[in-house]
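Asks: Attaching a single structure in structure tokens format; questions to follow.
The values are calculated or read from the model by the stated rules, or taken from the named source; none is laboratory data. What you see is a predicted model, and the numbers here were worked out from it, not measured in a lab. Using ideal geometry, Cβ is built from the backbone for each residue, glycine included, and neighbour counts are taken over all protein chains shown.
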Amino acid sequence: MPEGPEIRRAADRLERVLVGRSLDRVFFAFEGLKCYEDELVGCSVSRVATRGKALLTRFDNGLTLYSHNQLYGRWYVVRAGRLPNTGRSLRVGLHNERHSALLYSASDVEVLDEQGLAEHPFLARLGPDILDPDLTAEDIARRLEARAFRGRSLGALYLDQGFLAGNGNYLRSEVLHVAGLHPATRPRELDEAARMKLARETLRIARRSYRTAGITNPPARVTELKALGLQRAALRFAVFGRATKPCYVCNSPVERIDVASRRLYFCGTCQPRPR
Ligand SMILES: [Zn+2]
């Protein structure tokens with residue numbers, strides 16, 4: 001499952017070919033959306049925003065294409081007149097004179113006006129997006145203190161899209177490790193310094209993963225691991241997927257547990273159980 005950084009990079013790819021160019025053809029496979037095909041011709045995309053796993057393609061006429069890829073949906077970008085080599089079924093096509101942005105297989109697609117966007121039930125339940133450039137560590141620290149979140153374990157909270165949208169399974173393990181917190185820790189057990197450290201690392205790791213296309217290890221460690229001959233897939237994470245291997249910080253074996261039905265990796269020495 002893609003997480004915030006992967007979704008944001010997909011949105012960037014769409015922005016690069018769609019923003020500032022008017023659409024000359026629009027296709028929707030869904031009967032209920034056919035009425036928007038003509039309405040969107042001549043419009044251009046002003047930006048492609050992300051909210052967790054939802055993409056919001058904003059048109060300059062005030063309409064927004066909402067798409068959630070669930071498990072199978074996938075956007076492709078191709079030169080005008082080409083089609084990707086896929087057996088999937090086309091659901092949305094946005095074409096300008098140079099490129100086509102094509103959404104395949106997704107079933108969760110809507111066209112919304114401003115009011116529909118504001119009232120959308122899925123979006124209304126989401127917390128702020130971890131890759132929103134306006135989101136600050138102070139905002140995250142405040143959410144950690146909020147009544148709805150402060151009594152829950154960090155292991156559960158860091159998958160909850162209502163806490164922060166875009167967090168996901170690998171980010172959860174990686175953030176808690178670098179913050180030195182056991183997944184059973186509850187925000188209300190943290191002093192202000194620990195809460196701020198967690199908030200800062202949450203932003204820092206998500207932004208790093210976005211920049212590096214999914215590498216959360218710090219650059220110096222990545223350089224060392226490359227020198228040892230490790231390939232990209234083996235050097236991405238500090239703990240995620242590294243059960244029984246030595247922690248890079250303290251050499252203790254990394255442990256694997258299940259929290260909220262998903263696998264979580266941590267170091268029992270760097271991340272001691274709360275007392
Ligand atoms: Zn350790």
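Asks: Looking at the range 160-179 only, could you name the residues that are outside any helix (DSSP H, G or I) and either at negative phi or touching a Lys or Arg at 6+ places or on another chain (Cβ under 6 Å) (or both)?
Replies: Within the range 160-179, D160, Q161, G162, F163, L164, A165, N167, G168 qualify.
Asks: If you take the residues in the range 97-108 that are buried (at least 19 other Cβ atoms within 10 Å of the Cβ) and not hydrophobic (A, V, I, L, M, F, W, C), which one is farthest from S22 (Cα to Cα)?
Replies: Step one: list which residues in the range 97-108 are buried (at least 19 other Cβ atoms within 10 Å of the Cβ), which gives 99-104, 106.
Applying the additional criterion that residues be not hydrophobic (A, V, I, L, M, F, W, C) yields 99-100, 104.
Values: H99: 11, S100: 12, Y104: 22 Å.
So, considering only residues that are buried (at least 19 other Cβ atoms within 10 Å of the Cβ) and not hydrophobic (A, V, I, L, M, F, W, C), the one farthest from S22 (Cα to Cα) is Y104.
Asks: Can you find even one residue in the range 240-248 that is more than 10 Å from the ligand (Cβ to nearest atom), over 26 Å from the mean Cα position of the chain (by Cα), of a type in the set (V, I, T) and farther than 16 Å from L171 by Cβ?
Replies: The answer is yes; a qualifying residue exists.
Asks: For R236, all conditions in the list (1) more than 12 Å from L176 (Cα to Cα); (2) out of contact with any Lys or Arg (no Cβ under 9 Å at 6 or more places or on another chain); (3) within 15 Å of the ligand (Cβ to nearest atom) hold save one; what is the number of the exception?
Replies: (3)
Asks: Of all residues being more than 28 Å from C250 (Cα to Cα) and touching a strand residue (DSSP E or B) at 6+ places or on another chain (Cβ under 7 Å) in the range 136-178, which is farthest from the ligand (Cβ to nearest atom)? Just the residue, please.
Replies: The qualifying residue farthest from the ligand (Cβ to nearest atom) is A165.
Asks: Continuing with the same structure: Quick test for you: out of L65, L83, L71, pick the one residue that is at negative phi, surrounded by 20 or more Cβ atoms within 10 Å (Cβ to Cβ) and hydrophobic (A, V, I, L, M, F, W, C). Walk me through it before giving the result.
Replies: Working: L83 fails: surrounded by 20 or more Cβ atoms within 10 Å (Cβ to Cβ); L71 fails: surrounded by 20 or more Cβ atoms within 10 Å (Cβ to Cβ).
Testing whether each residue is at negative phi, surrounded by 20 or more Cβ atoms within 10 Å (Cβ to Cβ) and hydrophobic (A, V, I, L, M, F, W, C) leaves just L65.
Asks: Would you mind stating whether K226 is within 16 Å of the ligand (Cβ to nearest atom), among the charged types (D, E, K, R) and farther than 22 Å from L131 by Cα?
Replies: So K226 fails the test.
Asks: Another question about this same structure. Among V111, V78, which is touching a Leu at 6+ places or on another chain (Cβ under 9 Å), among the hydrophobic types (A, V, I, L, M, F, W, C), surrounded by fewer than 18 Cβ atoms within 10 Å (Cβ to Cβ) and on the phi < 0 side of the Ramachandran plot?
Replies: After ruling out the rest, the residue left standing is V78.
Asks: Can you list the helices (runs of 4 or more DSSP H) found entirely within the range 116-159 that contain at least 3 residues being closer than 10 Å to P187 by Cα?
Replies: Numbers: elements: 121-125, 137-145, 154-157.
In the range 116-159, 137-145 are the helices (runs of 4 or more DSSP H) which contain 3 or more residues that are closer than 10 Å to P187 by Cα.
Asks: Next question. If a residue counts only when it is modelled with pLDDT of 95 or more and among the charged types (D, E, K, R), which helices (runs of 4 or more DSSP H) contained entirely in the range 180-275 have at least 3 such residues? Steps first, please.
Replies: Working: elements: 192-211, 219-227, 232-235.
Filter on the range 180-275 gives 192-211, 219-227.
Asks: Working only within the range 248-261, note down all residues that are surrounded by 15 or more Cβ atoms within 10 Å (Cβ to Cβ) and under 16 Å from P183 (Cα atoms).
Replies: V254, E255, R256, V259, A260
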